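Read through the structure below, which is laid out as structure tokens, and then see the notes.
The values are calculated or read from the model by the stated rules, or taken from the named source; none is laboratory data. Note that the structure is a prediction, hence the values are computed from the model and not measured. Note that each Cβ is placed from the backbone with ideal geometry, even for glycine, and that neighbours are counted across all protein chains shown.
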Amino acid sequence: MDYKYSNKKPRPKTVNIDGFIQPRIRSFNKPTPKKVINLAPKPQPRNVKKPIYDYPKEKIKRTTSPTTQEYMTRPRKPFNKTRNDKPIVDKNLITRRIVACLLGLILIVGFSGVGFLGFRLLKTSEKVFGGSFASNIGDLLGNGSPLNGEDSGRVNILLAGDSADDPGHSGANLTDSILILSIDTKTNNTFLLSIPRDLWVKMPIGTWPGNSYQKINAANEIADFNQPGYPKGGMGALSWVVQNEIGIPINYYGLINYSAFKDAVDAVGGVTITINSPDPRGIYDSNTKIKLPNGPATLNGLEALNLARSRGDGVYTYGFPNSDFNRTQYQRQLLLAVATKAKSAGVVGNPSKVSNLFNVLGKNLSTDLSLSNVLRAISLTKNIDTNNVASNSFCSTLTVGIKGCTVPILKSYSDPNSGQSALSPVAGINDFGQLAQYYKKLASNNPIVKEGASVVILNGTDTSGLALKVKNKLENKGMYVAGTYDASKNYPSSTIIDNSKGKDPMTLLNLRSIFGNNVSTKQLEGSYPEDFVVIVGSNYKN
């Protein structure tokens, strides 16, 4: 029936019984006259606390369902204590329950997020560092395992770049970028040192026919390299050459291709470097199409990659007077810029950003560093200021005049057998002593070694083998001995010929403590370009 258009009021759905609002129960059974049962409470004696409700002790036996009257008049047990016939609600209890629920929800969401990020980080780290999911969990919970070289105070990581991911690129496995990242784990003295890709070196024994020489960037093509103590494959061969031929110790390696470098730059939001070309127009390479003016330049991933590949060998280029040496200079700048941006942008220490970076690198980076090694390296280098990381390269006849390059130790070379154009030490093929000394100069805290002075020893006595003994003594003090020869005549007393013009005071001081104070600036025996020439006389006592 529609009460909207009726004079009758709708029947209420609830009733008020003893101050309690109760629903009205509709009964389909007509009430039958029965004996009325008195449900009123019995009188209580005085001074006895009256209960809130007093239910009848007699059980009502029924054969049929209760009538509406009986149902509605039956007392109900309250859900809480009453005061003045009104229910009391514990608001503090409800508030505590709400807060507890909210805290529980926050904790669940928080731990779920951390768990997801941790799981994602572990899964992406497997692509880069290998290892199992369980072992990587252990690495994340620990402080990292000690690094090779950490006991001696310096860790060297060989970094190389190839174009294996560039379809149709000839010589895709050639490492056109070779860098050494050297970290002093005690003093935080860190530097980068580029190794020219055209350096003419002897390849590992038994790999090339006749143990022939090749450019160092070809070492990565030796896929079957397998020597004890070195990684297998091309990067193991490159590590072997750098350590055994050049004389620079290597502890770990990392090989990155074009895609990884480009995506890593994009992952940190681009980088900013400074173009400082002698050409007022800046730089331009027609091969890579990179064109930048002098001054600060902000680059995205593709632009940074093109700059890292440019050396000015296109048909019409400018701003690359030193060819590959300019390219390695920009490569070092870009690497430091990525590290600086990653640190400033909070990438390191952020599981989400680190996971994104690992995911970007993925299969485009190979290394023998484990996740535990990386965590240890981060803890050791967290206080290093990337702005103070030195950028270095070997001095060549092509770069004389550039800041820090006065005495070249590399020169142009053309192989008579293959006709290849390369670089070789000024001292001669396979004589890398000056290159090793240059590395020691950068890595050592010894003031004599850091001066890096070169010394020539002339034997001015009749004692055979004396110059070699003197050489060993000076090298034990950290000096670089460029050569040993016989003097044209005997000298009664030792003489030091100083060509350093005062730039190597500590070396001179030590030479005087060994050979006496007879110092001259005149050439007494031929013409030697080294910083010091020592003529060992008859008065010398070992």
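Filtered by the rule that a residue be among the hydroxyl-bearing types (Ser, Thr, Tyr) and closer than 30 Å to ILE183 by Cβ, the range 441-500 gives SER444, SER454, TYR480.
To keep it simple, each residue is scored yes or no on (1) at pLDDT 80 or above; (2) aromatic (Phe, Trp, Tyr); (3) closer than 14 Å to ALA264 by Cβ.
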{"site": "ASN364", "(1), (2), (3)": "no, no, yes"}
{"site": "ASP368", "(1), (2), (3)": "yes, no, no"}
{"site": "ASN373", "(1), (2), (3)": "yes, no, no"}
{"site": "SER379", "(1), (2), (3)": "no, no, no"}
{"site": "ASN387", "(1), (2), (3)": "yes, no, no"}
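For the range 523-540, filtering for residues that are surrounded by fewer than 18 Cβ atoms within 10 Å (Cβ to Cβ) and under 52 Å from the mean Cα position of the chain (by Cα) leaves 4. Restricting LYS341, LYS291 to residues that are part of a strand (DSSP E or B), surrounded by fewer than 21 Cβ atoms within 10 Å (Cβ to Cβ) and not aromatic (Phe, Trp, Tyr) narrows the list to LYS291.
Listed by first and then second residue, the pairs linking a residue in the range 231-244 that is within 10 Å of PRO204 (Cβ to Cβ) to a residue that is in a helix (DSSP H, G or I), with Cβ atoms under 8 Å apart and 6 or more places separating them unless they lie on different chains, are ALA237/ALA219; ALA237/ASN220; LEU238/ILE216; LEU238/ALA219; LEU238/ASN220; TRP240/ALA219; VAL241/ILE216; VAL241/ALA219.
If I filter the range 188-205 for residues that are assigned to a helix (DSSP H, G or I), over 23 Å from the mean Cα position of the chain (by Cα) and closer than 30 Å to GLY153 by Cβ, do I get at least one hit? No, the conditions are met nowhere in the range 188-205. Which one is surrounded by the fewest Cβ atoms within 10 Å (Cβ to Cβ) among residues in the range 411-428 that are under 10 Å from TRP200 (Cβ atoms) and in contact (Cβ under 8 Å) with a residue 24 or more places away in the chain? Only one residue tops the list, namely SER421. Figure legend. Inter-residue proximity from the range 143-160: first residues buried (at least 18 other Cβ atoms within 10 Å of the Cβ) and part of a loop (DSSP other than H, G, I, E, B), second residues aliphatic (A, V, I, L, M) and at pLDDT 90 or above, beta-carbon distance below 8 Å, spacing 6+ or different chains. Indicated pairs: LEU147/VAL155; GLY149/VAL155. Filtering LEU334, LEU305, LEU292, LEU299 for residues that are closer than 20 Å to SER177 by Cβ and either of a type outside the set (A, V, I, L, M) or in contact with an Asp or Glu (Cβ under 9 Å, 6 or more places away or on another chain) (or both) leaves a single hit, LEU292. Within the range 268-315, the set of residues being acidic (Asp, Glu) and modelled with pLDDT of 90 or more comprises ASP279, ASP285, GLU303.
Residues of the range 294-320 that are hydrophobic (A, V, I, L, M, F, W, C) and either assigned to a loop (DSSP other than H, G, I, E, B) or surrounded by fewer than 17 Cβ atoms within 10 Å (Cβ to Cβ) (or both): LEU302, VAL315, PHE320. Output the residue which, of all residues in the range 389-412 that are among the hydroxyl-bearing types (Ser, Thr, Tyr) and more than 23 Å from ALA160 (Cα to Cα), is modelled with the highest pLDDT. That would be THR397. As for the range 429-442, it holds at least one residue that is at positive phi, surrounded by fewer than 19 Cβ atoms within 10 Å (Cβ to Cβ) and not basic (Lys, Arg). Of the residues screened, VAL242 is one that is surrounded by 20 or more Cβ atoms within 10 Å (Cβ to Cβ), modelled with pLDDT of 95 or more and within 23 Å of SER391 (Cα to Cα). Residue by residue through the range 374-410, note down the ones that are part of a loop (DSSP other than H, G, I, E, B) and exposed (fewer than 13 other Cβ atoms within 10 Å of the Cβ). Correct list: LYS382, ASN383, ASP385, VAL400, GLY401, LYS403, GLY404, THR406. Among the criteria (1) among the charged types (D, E, K, R); (2) within 20 Å of the chain's Cα centre (by Cα); (3) not in a helix (DSSP H, G or I), the one ARG332 does not fulfil is (3).
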